[in-house]
Amino acid sequence: MSRARIHGRTWLLMAAVVLLTVLPLLWVRAPAPDASGAPAELFQGADAHAQQAILDIAPDYQPWFSPVLEPSSGEIASLLFALQAALGAGVIGYWLGVSKTRAALSAASPDAATADADAEADADATGPSPAPASTADHRDH
């Protein structure tokens, strides 16, 4: 592939990313005010909806316990959520990388993988193999 073609494809991908980021923000309209006349939040989480549903069903409900860590602001809560998501993505990415590498290595040398599996099975069946004697252990009597 020529450099000009790769360069053009890169710019096309960058433009697509910008459009996919900006267009939804332009299309979203502000929600109508709630029943009390207060402006409704645009991006409200499921927790607030669940709390309101619980209060509608049982107005005198008392929670069983309180949170161990109460973030000081919404920004801190968002940060902790993003950190949790990043750590989870890292664990999943690591697992996928290890799985792919193992599959590639076993596909590259199927005889070696079979031999290793056979050796492990033999070792399990016969017990641990004796350690090889080194030359320092042999003494002339």
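Structure notes:
- Some residue of region 32-40 being in contact with an Asp or Glu (Cβ under 6 Å, 6 or more places away or on another chain) and either farther than 23 Å from GLY74 by Cβ or assigned to a loop (DSSP other than H, G, I, E, B) (or both): yes
- Flag for PHE81 being aromatic (Phe, Trp, Tyr), outside any loop (DSSP other than H, G, I, E, B) and open to solvent by 90 Å² or more (accessible area, probe 1.4 Å): yes
To keep it simple, each residue is scored yes or no on (1) open to solvent by less than 80 Å² (accessible area, probe 1.4 Å); (2) not small (Gly, Ala, Ser).
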residue: LEU12; (1), (2): no, yes
residue: TRP27; (1), (2): no, yes
residue: GLY37; (1), (2): yes, no
residue: SER72; (1), (2): no, no
residue: ALA108; (1), (2): no, no
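The values are calculated or read from the model by the stated rules, or taken from the named source; none is laboratory data. This structure is a prediction, so every number in the text was calculated from the model and none was measured. So basically every Cβ, Gly included, is an ideal-geometry build from the backbone, and we count neighbours across all protein chains shown. Ligands, DNA and RNA are stripped out before the accessible areas are found, and what is left, the full protein with its side chains, is counted by its heavy atoms. Shrake-Rupley method; radii C 1.70, N 1.55, O 1.52, S 1.80 Å.
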